[in-house]
Structure formats: C-alpha cells, structure tokens
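The values are calculated or read from the model by the stated rules, or taken from the named source; none is laboratory data. These figures come from a predicted structure and were not determined experimentally. Virtual Cβ from ideal backbone geometry, glycine too; neighbours counted across all protein chains shown. Just the protein is used for accessible areas: all its heavy atoms, side chains included, with ligands, DNA and RNA removed. Shrake-Rupley method; radii C 1.70, N 1.55, O 1.52, S 1.80 Å.
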Amino acid sequence: MFADSSIKKLLIVDDSKVSRMLIRTHILAQHPDWIISEAISGEEAITLVDNDLPDYCTMDINMPGIPGTDAAERILAKHPSIKIVIFSANIQEAHHKRARSLGTILVAKPVTEKSIVLAINYFIDSE
C-alpha cells in the first residue's frame, strides 16, 4: 500500500499545553488532512521521531530536560529530511544564529496565527 504523499505528519514539541493546542488548531484549520502528534519534552520528541518519522516539527526551546535546540540538533543528525521550526520567546540573535546553524528558522512566541503561518510557509516552501 502506498502512502499518500500529500498527507503530512507534524510533531508539535512544547511543554505548554496551550501552545500545543494553538499550533494544532491553526494547522488543522489550514491542513485538516495532516497527522499531528505531540511531545512535551525534547527527549520525548527524539523517541517519537525515531518511532514514527514526521515530515515537519515545531520545537520550543525552553522545556524540562534538554533544550529544544539540542533536541532539534540530535533529530536532524539522524533524520536530516525533517523540516523543523523553533518557536521561542528567546528571540536574541544568539538563538537565531543557533537555529540557522541547524538549518531551521526561529519564530517568536507567543504562538499566534501569524507565527504559525510563518512556520507553515517554511514547511511548504522547503518541499
């Protein structure tokens, strides 16, 4: 059986339930066929990616355990095809540089419709 390549899988990684809910709601409003999974830590994200490879991932930086940028680096080392967008309230240039060095982009929190559109555009444009 062939998978439908137009159906995308997204992993939302954020320790904030509200942020995960906002991202999920806005993504599904635009892409109701996408399959969405969630993780509340970088460690959980790494495990989920290894078990069920998503096309896309949104990743918070500040979470319990390892920072999201470290989780993104580990994920991309094993699975370079995943497109990751880092969401963070930490918008200092050092965080933008770290995101760029990983081949990702940083989108400022709080999570809004506008920030989610930036993430979706990055995912779609990088296809």
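Figures for the structure shown
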| read-out | value |
| --- | --- |
| Test for Asp15: is it surrounded by fewer than 20 Cβ atoms within 10 Å (Cβ to Cβ) and either over 12 Å from the mean Cα position of the chain (by Cα) or among the polar types (S, T, N, Q) (or both) | yes |
| Spans of strands (runs of 3 or more DSSP E) in region 1-85 with at least 3 residues in contact with a His (Cβ under 7 Å, 6 or more places away or on another chain) and within 14 Å of Val107 (Cβ to Cβ) | none |
| Conditions (1) open to solvent by 10 Å² or more (accessible area, probe 1.4 Å); (2) in contact (Cβ under 8 Å) with a residue 60 or more places away in the chain: number failed by Ile23 | (1) |
| Which numbered condition Ser6 misses (of (1) hydroxyl-bearing (Ser, Thr, Tyr); (2) open to solvent by less than 70 Å² (accessible area, probe 1.4 Å); (3) at pLDDT 95 or above) | (3) |
| Flag for Ile7 being in contact with a strand residue (DSSP E or B) (Cβ under 6 Å, 6 or more places away or on another chain) and not acidic (Asp, Glu) | no |
| Unique residue being in contact with a helix residue (DSSP H, G or I) (Cβ under 9 Å, 6 or more places away or on another chain) and either modelled with pLDDT of 95 or more or of a type in the set (Lys, Arg) (or both) when the list is Arg74, Arg100 | Arg74 |
| Selected residue (criterion: surrounded by the fewest Cβ atoms within 10 Å (Cβ to Cβ)) from residues of region 51-66 that are under 17 Å from Ala94 (Cα atoms) and within 13 Å of the chain's Cα centre (by Cα) | Ile61 |
| Within region 74-106, tally of residues that are touching a Lys or Arg at 6+ places or on another chain (Cβ under 9 Å) and open to solvent by 80 Å² or more (accessible area, probe 1.4 Å) | 1 |
| Residue that is farthest from Asp14 (Cα to Cα), among those in region 107-127 that are open to solvent by less than 70 Å² (accessible area, probe 1.4 Å) and part of a loop (DSSP other than H, G, I, E, B) | Ser126 |
| So Ile86, is it closer than 19 Å to Arg24 by Cβ and of a type in the set (A, V, I, L, M) | yes |
| Checklist (1) closer than 19 Å to Phe123 by Cβ; (2) in a loop (DSSP other than H, G, I, E, B) applied to Asn90, failing item | (1) |
